[in-house]
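Below is one structure, written out as structure tokens; comments come after it.
The values are calculated or read from the model by the stated rules, or taken from the named source; none is laboratory data. This is a predicted model, so every value here is computed, not measured. Here the Cβ positions follow ideal geometry from the backbone for every residue, glycine too, while neighbour counts run over all protein chains shown.
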């Protein structure tokens, strides 16, 4: 019995979609790094608390990978990536929505 595999060109599209979702997610996660000092001052919290906010992604990755694996097994990769991308887009738009902003900016004003 020979083990032969058929390679499809479609795999590159799937890999590109998966990569673009992951790159976007990492970009959203790393945006906290540049505003840690200003955020800590504005909200009167420590740098650790701002860092913990950024680490929520890594902390939730493990428990949320279980339902994501189930969704991939039952619905397929396309459904799972679509659902994950939609949830990420909703969360990202909610984080930057005008309803979440305050009246004063958290960055220092120029003189």
Subset of segment 1-36 [touching a helix residue (DSSP H, G or I) at 6+ places or on another chain (Cβ under 8 Å) and over 24 Å from residue 94 (Cβ atoms)]: 14
Residue 70 being part of a helix (DSSP H, G or I), more than 12 Å from the chain's Cα centre (by Cα) and without any contact (Cβ under 8 Å) to a residue 40 or more places away in the chain: yes
Within segment 46-58, tally of residues that are out of contact with any helix residue (DSSP H, G or I) (no Cβ under 8 Å at 6 or more places or on another chain) and at pLDDT 85 or above: 1
Segment 13-40, subset without any contact (Cβ under 8 Å) to a residue 40 or more places away in the chain and surrounded by 14 or more Cβ atoms within 10 Å (Cβ to Cβ), residue nearest to residue 87 (Cα to Cα): 29
Residue selected from segment 1-12 under the condition at pLDDT 80 or above and more than 25 Å from residue 84 (Cβ to Cβ), by the criterion nearest to the chain's Cα centre (by Cα): 7
